[in-house]
Amino acid sequence: MSWQTYVDDHLMCDIDGTGHHLTAAAIIGHDGSVWAQSSSFPQIKSQEITDIMKDFDEPGHLAPTGLHIGGTKYMVIQGESGAVIRGKKGSGGITIKKTGQALVFGLYDEPVTPGQCNMVVERLGDYLIDQVFDGIRMKITKFAIVQIYRHSSVESTHPTSYSHFPVPTHFLSCQTLARKFRVCRENLNLLDPLNMSWQTYVDEHLLCDIEGNHLTSAAIIGQDGSVWAQSSNFPQFKPEEVTAIMNDFAEPGTLAPTGLYLGGTKYMVIQGEPGVVIRGKKGPGGVTVKKTNLALIIGIYDEPMAPGQCNMVVERLGDYLFEQGL
C-alpha cells in the first residue's frame, strides 16, 4: 500500500457510513516532506511544521500563537501531550497525530464532528506506530529467547528450537527482555524507525562508508513516484521512469528491451531478482533498485565501488524496511 492510498482510502474515507468525509488530509514527514496528501490540502510552510514539531517536544509551545496550517490559524485545544495536537476554527478544526517518522493530518468542517476527525486520524496514526513497534518487539523477543536458551541449563538436541524453552516469554514485555539482557540496537543490528527520518536512512545508511567507497547517489521513493528522501546529487527522474520500473516489478522482463531509465540516463538491465530487485549497468557504474512494501530503494554507483557493494547496501536497507512493513 502506498502513502497516497493511506490518505485516499483511510483518511478521506466515508466515516462510519455517514457519507461524511474530512475536508483535507495529509501524511507529512517530520522534516516537512510531503509523503502524500489530498488535492485540497493547504500549501503548508516549513516554519509551520517546525512549530508543530516543537509543540510535540515542548507541549504548550503553540498555545500563545495558535496553530497555523497553510496560513490559516487554529486555536489549540486539548490534545495528548507529545502525541496529538488538536485545533479549532469556527465550525471546523484540525487533528495532528505524531508517529515515529510522520505527522498524520486531518482537517474537518461541519457536518463532520471533532470526535470523528480525531478517530480517523488517530486510528491511522496508531496503526502506523503499531506496525513499527511489532517489528521491533519481535526482533528483541527472538534475540532474548536465544540468549536465555544458550545460557540455560536445559539440555536439548535442538539448540535452535524454541519449543524446548522453559520460560513463559509471552508474559515478558520487550522492555523487560531488553533490560534484563542489556539488548541494544547494535547487538541486534537494528535500526530504529521510531526515531529516524527517511533522510537519515539515505545519509547514514545508503551513503555509508563501504571500505572507503560510497554510492554516487541514493534515494527512497514512494511507489507512486513521490520522493521521500534523496541525496543532493540524485538525478531528477521522470514519473514515467518510475512507472516503467514498477511495471517491471509486476511483470519481470518488461525493461529488458528498452533498458532502465533514471533521470534520462539509460542502464542495461542485468540479472536481478524478479519482482524484488532490478539491477542496471552503464560502463563502470550502475544502479540497484530494491522494492519494499511501500517504496523503492535506489542506489547509483561508479568505480571504484563494485556492483556487489551497491547491491549489499541497497538490499540490506530494503530488506529491513520490508520486515518492518514499510
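Taken together, the values in this text are just the output of simple stated rules run on the coordinates, not laboratory data. Computed from a predicted structure; not experimentally measured.
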Handout entry: Cα gyration tensor category, rounded, prolate or oblate, for the range 209-326 with a/c compared to 1.5
Key = rounded
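Subtracting the Cα-Cα distance from 0.36 nm times the residue separation, let me have the gained length for K282 to M246 in nm, one decimal. Please report the intermediate quantities before stating the final value.
On the way: separation 36, 0.36 × 36 = 12.96 nm, distance 2.04 nm.
That pair, K282 and M246, stretches by 10.9 nm at full extension.
Gain in length, D109 to A306, computed as 0.36 nm per residue apart minus the alpha-carbon separation, to one decimal in nm? Walk me through the numbers on the way to the answer.
Numbers: separation 197, 0.36 × 197 = 70.92 nm, distance 5.56 nm.
Stretched fully, the D109-A306 segment lengthens by 65.4 nm.
Classify the range 1-119 from the C-alpha gyration tensor, please: rounded if a/c falls under 1.5, else prolate or oblate depending on whether a/b exceeds b/c. Provide the component values of the computation, followed by the final result.
Details: a/c = 1.68, a/b = 1.23, b/c = 1.36.
The shape class here is oblate.
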Exercise for the section: Beyond 29 Å between alpha-carbons counts as too far, so tell me which of K98/K238; K266/K291; K88/K291; K45/K281; K238/K290 fall in that bin. Expected result: K98/K238; K88/K291; K45/K281
